[in-house]
Amino acid sequence: LVSGESGAGKTETVKIVLTHIATIESSIFGTVNPTEDTGALEQPEIVSKILKVDPIFEAFGNAATLHNNNSSRFGKFTSIYLDKKEDKECGFDSVYSVAGSSFVTYLLEKARVVSHGQRERSFHIFYHLLNAPEEF
């Protein structure tokens with residue numbers, strides 16, 4: 001459970017925790033592969049997919065406020081599902097790998113859909129849709 005005040009970095013913290021879990025998983029199963037260009041560790045595909053879906057949720061629930069250009073206007077409870085793996089070679093009785101994730105969201109500012117304060121903006125998704133190509 002990650003909680004904190006507005007702008008405290010909750011969303012980034014969840015990304016860091018998930019990346020950390022993936023790094024541990026990769027090192028235990030021997031699937032650590034540094035990328036050629038940066039040397040950073042590759043993530044398991046499921047973790048990469050989980051991290052890539054987050055900006056979509058943010059577009060629907062984040063807005064520009066006076067204090068933060070990308071402020072979450074919703075609460076999000078993220079569940080990470082783990083799959084138990086039996087692997088005696090690594091020295092542990094049991095090891096878990098990331099199997100999936102789910103989100104439960106709670107819209108905090110429904111009024112922002114129809115109005116917002118001066119020098120603030122509505123949810124990002126509306127601006128993305130207005131700027132989308134006509135063929136979209």
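Scanning the stretch 120-135 for residues that are in contact (Cβ under 8 Å) with a residue 40 or more places away in the chain and surrounded by 14 or more Cβ atoms within 10 Å (Cβ to Cβ) yields Glu120, Arg121, Ser122, Phe123, His124, Ile125. Across the stretch 5-19, the number of residues qualifying as open to solvent by 50 Å² or more (accessible area, probe 1.4 Å), free of Cβ contacts under 8 Å to residues at least 60 places away in the same chain and not basic (Lys, Arg) comes to 6. Taken over the stretch 111-125, residues that are hydrophobic (A, V, I, L, M, F, W, C) and modelled with pLDDT of 80 or more amount to 1.
Residues in the stretch 55-89 that are open to solvent by less than 40 Å² (accessible area, probe 1.4 Å), more than 17 Å from Leu1 (Cα to Cα) and either in a helix (DSSP H, G or I) or at pLDDT 85 or above (or both): Glu58, Ala59, Gly61.
The values are calculated or read from the model by the stated rules, or taken from the named source; none is laboratory data. Quick caveat, the model's predicted, so the values are computed rather than measured. Every residue, glycine among them, receives a Cβ derived from its backbone with ideal geometry; neighbour counts consider all protein chains shown. These area figures cover heavy atoms from the full protein model, side chains too; ligands, DNA and RNA do not enter into them. Shrake-Rupley method; radii C 1.70, N 1.55, O 1.52, S 1.80 Å.
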